[in-house]
1. Being in contact (Cβ under 8 Å) with a residue 60 or more places away in the chain, touching a strand residue (DSSP E or B) at 6+ places or on another chain (Cβ under 7 Å) and either farther than 25 Å from Trp30 by Cβ or basic (Lys, Arg) (or both): is that true of Phe208 here?
2. Just checking, how many residues over the range 26-38 are surrounded by fewer than 18 Cβ atoms within 10 Å (Cβ to Cβ) and among the charged types (D, E, K, R)?
3. Sort through Phe236, Phe179, Phe213 and tell me the only one that's more than 22 Å from Val155 (Cα to Cα) and touching a residue at least 40 places away in the same chain (Cβ under 8 Å).
4. Let me confirm something: among Phe98, Phe50, which residue is among the aromatic types (Phe, Trp, Tyr), surrounded by fewer than 21 Cβ atoms within 10 Å (Cβ to Cβ), at pLDDT 95 or above and part of a helix (DSSP H, G or I)?
5. Go through the range 162-172 residue by residue and tally those that are touching a residue at least 24 places away in the same chain (Cβ under 8 Å) and not in a helix (DSSP H, G or I).
6. In the range 67-95, how many are in a loop (DSSP other than H, G, I, E, B) and either crowded, with 23+ Cβ neighbours inside 10 Å or polar (S, T, N, Q) (or both)?
7. State the number of residues belonging to the range 105-119 that are within 15 Å of the chain's Cα centre (by Cα) and part of a loop (DSSP other than H, G, I, E, B).
8. State yes or no: is Phe203 surrounded by 15 or more Cβ atoms within 10 Å (Cβ to Cβ), in contact with a strand residue (DSSP E or B) (Cβ under 9 Å, 6 or more places away or on another chain) and not β-branched (Val, Ile, Thr)?
Amino acid sequence: MPNVIFQFYVPPNDVGKLAHYRGLTAAPEWGLRSVHYFRHYAERNGASHFFHQKRYVNSISNYFEKCRIYLDPFFDTFDKLLYVDIDVMPKDMNRNIFEVECVDVAGVEEQNHPAYKNNISWSKSEIQRRFSAFNAPVVSANHNSGWPRMINSGVMLWSREARIKAREKFEDFDKWFQFKNKILDDSVGKEWGHSSHCLDQPFFNAMFNKYKFKVNTLPIEWNRFPCEDEDYPCVFAHYTQDTRYSIPERFPEL
């Protein structure tokens, strides 16, 4: 079966939107540059590419539009599906991620790394509290057993079998979003963590853990966060937060 790359952009709604999307009714230039590059990456590596700009998932927050990965039966005709955020850029067109082992899901664990500009922190106790509320265990990270495993949802490789399994088993993402959400309820205490704990990434990871998905944790080269040294080796570079604005300067039109 063929493989596919999926990206999307939908205009922000008024629930939990991030500053860099405010006021944007169309995909930003930096996002379109990512789409353009990944179309070439798909062609180079024998995959299809789909960029969607119409809302498909009926969710309170746009963050969960990403659940189209497993909700849309259109993708059942493909074997492996690579989901990529539009602030990710392929820096090595010849490394084929579809050759990566993927029984269910493959992705990069969020972690602190000496090459990264910013530290990343997920409190194990806060994650444990939220995961427990949905009867999901915490799985220890491979890079550090003191951390919860948190696969970054900006670059995820899914098998067809995993997508169908998720459609059958994954729970209501809106319940996850509404539960103890600081965006929606100012009275929520700090013990429930940052508002980001209510978003798609922790939801995916809780569901992976609860339903015993086989997760292949990849080296950071497949989803490298902003580094002090832009030449730090990687296949995919993830330009999070304000660094995304530099994408058009760093990557000329093909």
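The values are calculated or read from the model by the stated rules, or taken from the named source; none is laboratory data. Predicted model, so just to flag it, every value in this text is computed and none were measured. FYI the Cβ positions are ideal-geometry reconstructions off the backbone, even for glycines, and counts take in every protein chain you see.
1. Details: in contact (Cβ under 8 Å) with a residue 60 or more places away in the chain: yes; touching a strand residue (DSSP E or B) at 6+ places or on another chain (Cβ under 7 Å): yes; either farther than 25 Å from Trp30 by Cβ or basic (Lys, Arg) (or both): yes.
Here the answer is yes, as Phe208 does meet what is asked.
2. Total satisfying the criteria: 1.
3. Phe179
4. Working: Phe50 fails: part of a helix (DSSP H, G or I).
Only one candidate passes the filter, namely Phe98.
5. Looking only at that region, the number is 2.
6. Final tally of qualifying residues: 1.
7. Taking the range 105-119 and keeping what is within 15 Å of the chain's Cα centre (by Cα), we get 105-111.
Next, only the ones that are part of a loop (DSSP other than H, G, I, E, B) stay: 110-111.
Here the count works out to 2.
8. In short, yes.
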